[in-house]
Amino acid sequence: MPSRIAFVALSRSLGGLELTTLRLASAFHARGIAVTVVCPPDSPLAERAIARGLDRLEVKPKYRYGDPAAAWRVRREIIARGITDIVILQSKEIGLFSLSTIDLPGVRLFFYQQMQSGIHKKDLLHRMTHGRLHKWITLTEKMKAETLATTTIPERKTVVVPLGIDEIRFDPALYNAARSKRFFTRKKVPVIGLIGRLDPQKGQKEFVLAADAFFKAHGKRSALFVMIGEESRGEHGFSNEITALIESRGLQDDVRMLPFTDNVPELLAGLDILTMPSYAETYGLILLEAMAMKKPVIATAAGGVPELLRDRVEGLLIPPRDSESLFRAIDELVTKPRFRVTLGANGRKRVIENFRFESCVDRLQTILAAS
């Protein structure tokens with residue numbers, strides 16, 4: 001096994017990528033393996049790493065795709081801390097760590113790709129930086145095929161490791177659904193949710209428009225639509241845009257916006273339906289978490305989502321950027337409670353069989369242990 005693993009996410013956001021970095025580092029730490037979380041100072045990821053007692057290397061590069069001064073500092077820390085394996089979760093950080101590990105043959109770089117990209121990267125600069133990678137790990141077969149088509153990475157260096165979720169923490173038997181639902185409303189109405197960072201690409205606009213169509217069909221107070229999430233630090237504007245849209249449709253009492261919380265299982269327990277109307281979602285851990293909680297899901301058939309759930313088996317797949325299709329899917333599940341139960345039961349079964357977090361960590365540990 002490596003002497004110390006560094007997990008890298010130089011982002012100031014707090015979304016799936018940053019939480020995945022934290023979860024992986026925590027899991028390896030729990031297995032008795034020395035880890036370091038490489039993150040920006042005073043970032044949400046740094047704060048959570050401190051709370052979990054994880055070693056941190058705080059880095060703030062001046063230049064986005066490569067900073068010689070930052071690379072030199074990182075190099076010194078790699079040597080001083082005895083880091084032997086570096087797991088990078090954002091492609092833009094490969095250059096920095098390729099530069100910082102030149103002439104360090106005992107250090108291996110792994111790219112665990114979290115975001116899909118159709119950009120061709122076969123130029124000399126990318127060939128040089130990618131050439132330092134020991135393995136390129138993707139979440140889905142679709143991402144692997146895309147990598148082989150757009151980069152010079154050989155197939156022998158690529159491997160698929162789906163991210164899993166903690167099916168024990170996300171077990172509906174542990175939560176009181178009625179009590180969790182009271183967090184949202186005391187009325188006996190369906191609660192339809194969207195959990196994710198406030199961002200135009202996440203489909204919050206379509207969610208509000210679908211809610212508007214639903215209330216026009218069923219009347220006000222016939223359901224509650226909730227969006228749970230916040231804008232990234234330093235970003236402002238989209239939240240105001242969504243608030244204005246809600247107000248313009250007169251939905252202030254029927255569509256609520258709530259801040260992000262770590263109590264995701266409790267929130268899911270209180271939902272009747274989870275939606276993920278993203279324009280292009282690489283993966284979608286929240287879908288797996290909802291499926292584990294036996295919640296029917298509605299998601300756009302984009303990116304890697306179709307590899308997670310099957311249409312009309314664990315959930316419903318719809319086209320992206322289509323509020324009308326989202327409304328119809330929500331309307332169908334609201335009016336067919338037995339179908340919701342069937343989809344939910346199928347969802348948990350699929351997670352247990354294919355997407356357990358410990359299985360993901362086992363696979364990564366095997367890859368890192370290999371010579």
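Readers should treat all values here as calculations from the given coordinates under stated rules, not as data from a laboratory. Keep in mind it's a predicted model, so treat the numbers as computed, not measured. Using ideal geometry, Cβ is built from the backbone for each residue, glycine included, and neighbour counts are taken over all protein chains shown.
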Taking the mean number of other Cβ atoms within 10 Å as a proxy for protection, how do you rank 348-356, 190-198 from highest to lowest?
190-198, 348-356
Cross-link candidates for residue 121: which aspartates and glutamates have Cα within less than 13 Å, leaving aside residues fewer than 8 places away along the same chain?
146
Of 341, 259, 274, which is farthest towards the positive pole of region 172-354's charge dipole, taken about the Cα centre with +1 and -1 on the beta-carbons of Lys, Arg and Asp, Glu respectively?
341
Where in region 187-225 does the label zone of residue 241 land, with the point 7 angstrom along Cα→C-beta and an amide N cut-off under 17 Å?
196-210
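Taking R0 as 35 Å, what FRET efficiency do you get between residue 205 and residue 335 from their Cβ-Cβ distance, rounded to the nearest 0.05?
Working: r = 24 Å, r/R0 = 0.69.
The computed FRET efficiency comes out at 0.90.
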Dipole magnitude of region 172-354 about its Cα centre, charges +1 at Lys/Arg Cβ and -1 at Asp/Glu Cβ only, in debye to the nearest 20?
940 debye
Computed log₁₀ I(q)/I(0) - Debye formula, equal Cα scatterers, no solvent, region 1-145, q 0.14, 0.19 Å⁻¹
-0.62, -1.20
Once Lys and Arg get +1 and Asp and Glu get -1 on their Cβ, which of 149, 107, 175 lies farthest toward the positive end of the dipole of region 88-181?
149
How big is the gap, in Å, between the Cα center of region 130-174 and the Cα center of region 1-52?
18 Å
Nearest 10 degrees is fine. How inclined is helix 337-354 to the longest principal axis of the chain, computing both from alpha carbons?
10 degrees
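Over the chain, what is the relative contact order in whole percent, taking alpha-carbon pairs under 8 Å and six or more residues apart? Don't skip to the end; give the middle numbers.
On the way: 693 pairs, mean separation 53.5, N = 371.
Reported as a whole number, the value is 14 percent.
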So the FRET efficiency between residue 218 and residue 50, C-beta based with R0 = 51 Å and rounded to 0.05, is 0.60
What is the dipole size for region 283-342, taken about its Cα centre, with +1 at each Lys and Arg Cβ and -1 at each Asp and Glu Cβ, in debye to the nearest 20?
260 debye
0 to 90° range, to nearest 10: angle between helix 16-30 axis and the chain longest Cα axis:
60 degrees
Looking only at 88, 102, 168, which one moves most when the chain is put into a Gaussian network model with springs between Cα atoms under 10 Å?
102
What angle, in degrees between 0 and 90 and rounded to the nearest 10, separates the Cα long axis of helix 141-150 from the longest principal axis of the Cα atoms of the chain?
50 degrees
Which of the aspartates and glutamates could be linked to residue 336 by a straight reach, that is with a Cα gap under 15 Å, when you skip same-chain ones fewer than 8 residues away?
272, 314
Note the full-extension length gain between residue 362 and residue 103 as 0.36 nm times their separation in residues minus their Cα-Cα distance, in nm to one decimal.
90.3 nm
Kindly list the residues of region 81-105 that lie in the label zone of residue 119, defined by a backbone N under 17 Å from the point 7 Å along the Cα-to-C-beta vector.
89-98
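Would you work out if region 172-354 is rounded, prolate or oblate? Take a ≥ b ≥ c from the square roots of the eigenvalues of the alpha-carbon gyration tensor; rounded if a/c is under 1.5, else prolate when a/b is larger than b/c, oblate otherwise. Please list the in-between numbers first.
Working: a/c = 1.35, a/b = 1.21, b/c = 1.11.
It comes out rounded by the Cα gyration axes.
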So how strong a dipole does the chain carry about its Cα centre when Lys and Arg Cβ are +1 and Asp and Glu Cβ are -1, to the nearest 20 debye?
420 debye
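For the pairs 60/92; 92/205; 181/295; 188/349; 62/92; 181/216, note any where the Cα-Cα span goes beyond 19 Å. Could you put the intermediate results ahead of the total?
On the way: 60/92 13 Å; 92/205 29 Å; 181/295 13 Å; 188/349 28 Å; 62/92 13 Å; 181/216 24 Å.
Over 19 Å Cα-Cα: 92/205; 188/349; 181/216.
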Label 7 Å along Cα→Cβ of residue 166; region 1-36 residues with amide nitrogen under 15 Å?
19-31
